[in-house]
Amino acid sequence: MRTGYKGWLVGGFAVIIGGLGVAWATGHGGPISFDRSSTQSRHAPSQALGGYVGSMQSGMRSTGMGTSRITATRLAALVKSGERGVAVSRATNSLTYTASPVTIVVLASPTALHRPGLQWEVDGRINPTVIVPTHATVTVTLVNADSGYMHGFEVTTAQPPFAWEAMRQGRTAFAGSFVHPLLPEYHGTFAFLSTTFIANTTGTFHYICPVPGHAHHGMSGIFRVQ
Ligand SMILES: [Cu+2]
């Protein structure tokens, strides 16, 4: 029993130290600059909660290398770059991309900027329907614009209504259509991370935040491949 207790204790300290390492690596992340080449990340599809946690943890370990931070000013420029090649419809609240590659900048819960939380903002629209052509190469840059909570990104096969643990309802729709949760706004800087995937299956999917409760409370939108 004593061995088990010690094992638990050592394990607990390892988790705490590991957590501090992540907090240091991300909270005090390097220079504030936007270098797209350094932000590419690919994650294996999360098949179940185990897969989700596994991919999130592997992502967290690489956070120090993969995550950068930008100021609100640079973020505005980044958002502008995501507005190229898209037809915005206010009537249907949709963004239609007709050519590959597709570049999308998604703001998670932008409470630190100007809007209420637990929703997505893409090209100035709230939770818009995103439409991309089949076989398009899609690069999504997730920016956590929330002042208090972590947010991730996933295009999932799950369909609404989304449960508390929405990430258990379906699978990651495409290899790589997942970004692990990023830390919130920190002293006026925003964590961001990109992923690139091929939208190789026609159909109606959804983009969600995989953090428990967030899709349930409104962080979701339609992602249509046609
Ligand atoms: Cu979230």
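None of the figures in this text is laboratory data; all of them are computed from the coordinates on show. None of the values given here were measured: they were computed from a predicted structure. Quick reminder, even Gly has a Cβ in these numbers, built from the backbone with ideal geometry, and neighbours come from all protein chains shown.
For the listed peptides 88-98, 146-156, a ranking on the average number of other beta carbons within 10 Å per residue, highest first, reads 146-156, 88-98. Spacing of the modelled spin labels on His114 and Ile222, each 7 Å from Cα toward Cβ, amounts to 2.7 nm.
In this rough spin-label picture, where each label sits 7 Å from Cα along the Cβ direction, the Ser147-Lys80 distance is 2.6 nm. Highest-first packing order for the peptide set 195-201, 166-172 is 166-172, 195-201, based on the mean count of other beta carbon atoms within 10 Å. Spin-label model, Tyr186/Arg168: points 7 Å from Cα along the beta carbon direction are separated by 3.0 nm. Compute the distance from the alpha-carbon center of the stretch 115-151 to that of the stretch 160-207, in whole Å. What the calculation gives is 9 Å, centre to centre.
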